[in-house]
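Computed from the coordinates by the stated procedures, all read-outs in this text should not be read as laboratory data. Every value quoted in this text rests on a predicted model; they were computed, and no experiment measured them. Cβ coordinates were reconstructed from backbone atoms using ideal geometry, including for glycine residues, and neighbour counts include every protein chain displayed.
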Amino acid sequence: MKQLTSTDGPVVLSRVSGLCGELVLRRVGADFEIIGNGTFLMDTRNGESERLLVHAAAEAMPAGSPMVIGGLGVGFSLRAALDHPRIGEVVVVERESAVVEWNRGPLREVHGDALADDRVVCVGADLLDWLAERPRRAFGAICLDIDNGPEWTVSDGNSLLYGETGLNLIAGNLAPGGVLAVWSAAVNPAFEARLAARFGGASTIEIPVPRGEPDAVFLATHPRNP
């Protein structure tokens, strides 16, 4: 069997019509990429910032609490959650069934078949709908790894997540001292200010990348005595 290298061209493994348009899983050398409507969404080349998203939230949240991860992606965030000793149950909310299938299939080699772990609950739903329709629960952290950032969303409807509607739903599902962590492909002072106004404080962690602007993780903590 020919061993794939980083110089091999892309090979399309799957092409489907998802809820937000065409989704493509392809392999480029030893790495996987997910493309949405012709726009690059994510790959398996690094994952440092996705892991940091979970690590930063876990270090600040109440120990042993359940964590919600919005967006499965290529499984880096989920793997990091399962490997962190402060996290209990992990609920992954992913609306694209193809992404879940890919993570149970070819992408499982990236994260050690994390979806098969007994601590994982995988929910096929839109995160906003799920938060709005379910009974409120006190999660230790909610991590958003759904879009390329608050201003660069996969679909127009996702913008509600980062405004008053979404932040209020998230806050209502966090335990006192619970943490909201948001991944972004760029810093966004306006969004950090919005978080600070809703939660009483916020911060941004910048993560250097090989090319272009640094990735960012936004953090906000639900007041222990709101």
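Quick test for you: out of GLY75, GLY29, pick the one residue that is buried (at least 19 other Cβ atoms within 10 Å of the Cβ), small (Gly, Ala, Ser) and either more than 24 Å from VAL187 (Cβ to Cβ) or without any contact (Cβ under 8 Å) to a residue 24 or more places away in the chain (or both). Even if it seems obvious, please write down each step before you answer.
Working: GLY29 fails: buried (at least 19 other Cβ atoms within 10 Å of the Cβ).
GLY75 is the lone residue from the list that is buried (at least 19 other Cβ atoms within 10 Å of the Cβ), small (Gly, Ala, Ser) and either more than 24 Å from VAL187 (Cβ to Cβ) or without any contact (Cβ under 8 Å) to a residue 24 or more places away in the chain (or both).
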Across the stretch 192-215, what is the number of residues that are surrounded by 22 or more Cβ atoms within 10 Å (Cβ to Cβ) and either in contact with a Pro (Cβ under 6 Å, 6 or more places away or on another chain) or over 18 Å from GLY163 (Cβ atoms) (or both)? 1
Considering residues of the stretch 131-160 that are free of Cβ contacts under 8 Å to residues at least 24 places away in the same chain and among the hydroxyl-bearing types (Ser, Thr, Tyr) only, the residue nearest to HIS55 (Cα to Cα): THR153
Top-ranked residue of the stretch 93-135 - restricted to ones that are among the small types (Gly, Ala, Ser) and in a helix (DSSP H, G or I), ranked as surrounded by the most Cβ atoms within 10 Å (Cβ to Cβ): ALA114
Which residue out of ILE87, ILE69 is in contact (Cβ under 8 Å) with a residue 12 or more places away in the chain and farther than 24 Å from SER17 by Cα? ILE87
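Are any residues in the stretch 216-226 part of a loop (DSSP other than H, G, I, E, B) and crowded, with 18+ Cβ neighbours inside 10 Å, and if so, which ones? Talk me through it step by step, then tell me what you get.
Residues of the stretch 216-226 that are part of a loop (DSSP other than H, G, I, E, B), as a first pass: 222-226.
Scanning the stretch 216-226 gives a single hit, HIS222.
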Condition check: among the basic types (Lys, Arg) and under 30 Å from SER14 (Cα atoms). Does ARG108 satisfy that? yes
